[in-house]
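Worksheet: one structure, shown below.
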């Protein structure tokens, strides 16, 4: 019926190639959605998760629901180190949060202006990369903007020492949390 309609309607006859092209492109795009190449590192990390007994919902790329063993992070079922997570939130608690993802280990603050300097503002992103309480399991990015005379925010450089000091403050707080949790047991 559809082919009869397409063949006998002159308007539709002219539009048929475009319609078929759109349908084929749509099928191609939807068929490729979400497919990413798997690297050797991805395979190793998935194998490690299987050995640890971590249960996943909806396959290996989904979030962690629970674990059969207690990990060093101090809890069950979270995919990042809970001491680093809590220490990060404690350390940057004076800044307004824009986003916090405990399963992905990402904390993003909104722009913060200190009461002392209203012409500068900072934004912090904290990435918790590991389940272990290690210094390389944490990465911090700090962004700074300065208000110019025209009233526009201009990106400025941030001292590398500022980032190191912030990472050290988070790591120190994480160690304190870990020690206090061990003393409580």
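Each value in this text was obtained by applying a stated rule to the coordinates, not by laboratory testing. The structure presented is a predicted model; accordingly, all values stated were derived computationally and were not measured. With ideal geometry, Cβ positions are generated from the backbone for all residues, glycine too; neighbour counts draw on all protein chains shown.
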Pseudo-spin-label distance residue 164 to residue 101, built 7 Å along Cα→Cβ, given in nm, is 3.0
When the chain is fully extended, how far beyond the present Cα-Cα distance does residue 146 get from residue 116, taking 0.36 nm per residue of separation?
9.4 nm
On a full-extension model of 0.36 nm per residue, what is the gain between residue 155 and residue 125, subtracting their alpha-carbon distance, rounded to one decimal in nm?
9.2 nm
